[in-house]
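Derivation of every value follows stated rules applied to the coordinates shown; laboratory data play no part. These numbers come from a predicted model, not from an experiment. Don't worry about glycine lacking a Cβ; one is built from the backbone with ideal geometry, like all the others, and counts go over all protein chains shown.
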Amino acid sequence: MGEVKVLGASLSFFCCRVEWALKLKGVAYEYLEEDLRNKSPMLLQSNPVHKKVPVLVHDGRPIAESLVILEYIDEAWKGYPLLPEDPSERAKIRFWARFTDEKCVLGAWAACCAKGHEREKAIESAQESLSFLEKQIEGKKFFGGETMGLLDLVVGSLPNWIEFLEEHGGMKLLDEEKFPSLYEWAQKFINIPIISERIPTKEELINYFQGGQNSRLTTGK
Amino acid sequence: MADEIILLDFWPSMFGMKVRIALAEKGLKYEYRDEDLFNKGPLLLEMNPIHKKIPVLIHNGKPICESQIIVQYIDEVWKDKSPLLPSDPYHRAQARFWADYIDKKLHLLGKRLWRTKGEEQEANKKEYIECLKLLEGELGDKPYFGGENFGFVDVNLMPYFSWLYVFEIAANFSIEAECPKLITWAKRCMEKESVSTSLPDRQKLYDFFLQLKKWHGIE
């Protein structure tokens with residue numbers, strides 16, 4: 001199995017997904033919490049290009065960027081498959097993973113930050129993105145089908161993140177009526193033991209944000 | 001049954017070029033369709049309803065979108081010829097990391113180069129060159145980013161070099177002195193038929209760029 005370390009930040013969903021993947025694979029690892037205002041020499045050495053978390057260090061060799069790390073985890077450790085075998089299905093998962101990060105995670109944040117008449121447009125845009133995910137999960141137990149896969153771990157960034165942004169921004173995004181399948185999947189996902197034992201909660205995010213350190217929220221990738 | 005492959009593309013697109021190179025590396029026959037991006041065709045809108053962008057690869061009627069995803073798909077389906085990603089998971093991760101870096105950093109910096117002037121442009125030039133130097137460091141003394149063989153990162157970076165000619169003129173700089181190894185690497189890649197037949201003629205690209213500047217109202 002080798003020596004595995006994860007450099008992460010406890011409130012970063014990008015870091016969680018790496019830990020979730022390792023747990024699904026049954027890989028033991030050492031978690032090292034980074035203070036992003038005072039980055040450790042190990043982080044700066046392991047990810048000199050972006051200086052960001054998460055970084056996976058496997059037998060001394062670092063891998064950065066959460067989606068790259070997830071694919072690495074799937075290839076380095078057999079057993080629980082995170083991606084399907086079929087190339088066109090793999091391409092779809094990769095597409096939706098990127099879409100989630102670029103349009104949904106960031107889109108929800110943009111909706112929260114927008115002011116005035118821009119706010120309505122930003123909310124509409126974020127909800128349009130969620131509607132695409134709704135279509136992907138309709139009629140399925142997980143985005144991965146019968147079992148959780150890579151896409152579930154990526155979309156798993158959304159439930160608590162959106163819940164926090166909704167409260168912080170005073171708006172509704174993940175509307176149960178508009179997105180019943182996505183909402184149902186979200187409730188199920190956050191209560192799965194390996195997920196719930198390592199997921200930032202709305203309360204933690206609110207506390208952190210009210211501490212005035214909101215720059216930390218978007219430095220994880 | 002013979003594979004039916006259609007590529008919806010736009011000839012100056014760096015993203016489209018990547019897919020063309022990958023298809024050529026694998027020796028694949030395909031139908032190339034140039035899209036009018038001001039008047040997008042129904043097939044493009046049907047095959048990429050989310051982003052409505054090129055390139056889109058349509059393989060036996062199934063669409064694959066996003067250039068990096070398409071290149072990986074091509075590599076996985078036609079895995080027996082000219083593999084683009086290495087077999088070892090760690091080196092595959094490194095290749096994906098650098099391809100991601102190229103797409104995110106170089107693309108943005110390139111755009112900024114020709115859309116800015118004066119001091120702002122000088123600062124952008126500096127950042128662009130630093131980016132290329134970092135990539136040059138990653139290349140090291142290897143003939144290709146993929147090592148002995150042309151690979152995934154090479155496919156992703158070469159299209160930016162076809163636009164580099166345009167950027168150098170537009171922003172009045174040259175990377176020849178700053179990144180000599182990358183220049184050698186680019187020349188080596190251009191000797192490959194899969195690359196030279198996939199990239200547009202420099203002058204044609206420059207003429208297109210002048211038109212692009214007009215559309216953006218830039219002198």
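For the reader, a short list of remarks on this structure follows.
- Bridgeable lysines around B:Lys81 (alpha carbons under 24 Å apart, same-chain partners fewer than 8 residues away excluded): A:Lys92, B:Lys18, B:Lys26, B:Lys29, B:Lys62, B:Lys142, B:Lys187, B:Lys192.
- Euclidean distance between Cα centres, segment A:86-139 to segment B:1-56, Å: 24
- With θ taken as phi - 60° and the Karplus curve 6.51 cos²θ - 1.76 cosθ + 1.60 applied, the whole-hertz 3J(HN,Hα) list for segment B:124-135 is 5, 4, 4, 5, 4, 5, 4, 4, 5, 5, 4, 5 Hz, x standing for glycine and proline.
- Kirkwood-based Rg to Rh ratio, segment A:4-76, C-alpha trace: 0.92
- Cα gyration tensor shape of segment B:10-146, rounded if a/c is under 1.5, else prolate or oblate by comparing a/b with b/c: oblate
- Bridging of A:Lys103 to aspartates and glutamates at a Cα separation below 13 Å is possible for A:Glu124, A:Glu128, once same-chain residues fewer than 8 apart are set aside.
- For segment B:60-131: Kirkwood Rh in Å [reciprocal of mean 1/r, alpha carbons]: 14.6
- At full extension, B:Asn39 and B:Glu168 could sit 43.4 nm farther apart than now, given 0.36 nm per residue minus the alpha carbon distance.
- Least to most buried among B:Lys142, B:Lys29, A:Lys52 (fewest other Cβ within 10 Å first): B:Lys29, B:Lys142, A:Lys52
- Loop-located trypsin sites (Lys or Arg not before Pro) in segment A:59-118 whose Cβ has at most 10 other Cβ within 10 Å (DSSP): A:Lys78, A:Lys115
- Looking at segment B:58-130, the trypsin sites (Lys or Arg not before Pro) that sit in a DSSP loop and have at most 16 other Cβ atoms within 10 Å of their own Cβ are B:Lys79, B:Lys81, B:Lys117.
- Each listed q (0.16 Å⁻¹) maps to a log10 I(q)/I(0) for chain A from the Debye sum over equal C-alpha point scatterers, namely -1.14.
- For segment A:87-206, convex hull of alpha carbons as volume per residue, Å³: 97
- q = 0.11 Å⁻¹, segment B:5-77: log10 I(q)/I(0) [Debye, one scatterer per Cα]: -0.22
- Size of electric dipole in segment B:71-219: Cβ of Lys, Arg +1 and of Asp, Glu -1, about Cα centre, debye, nearest 20: 340
- Projecting the alpha carbon convex hull of the protein assembly as shown along each direction and taking the average yields 22.6 nm².
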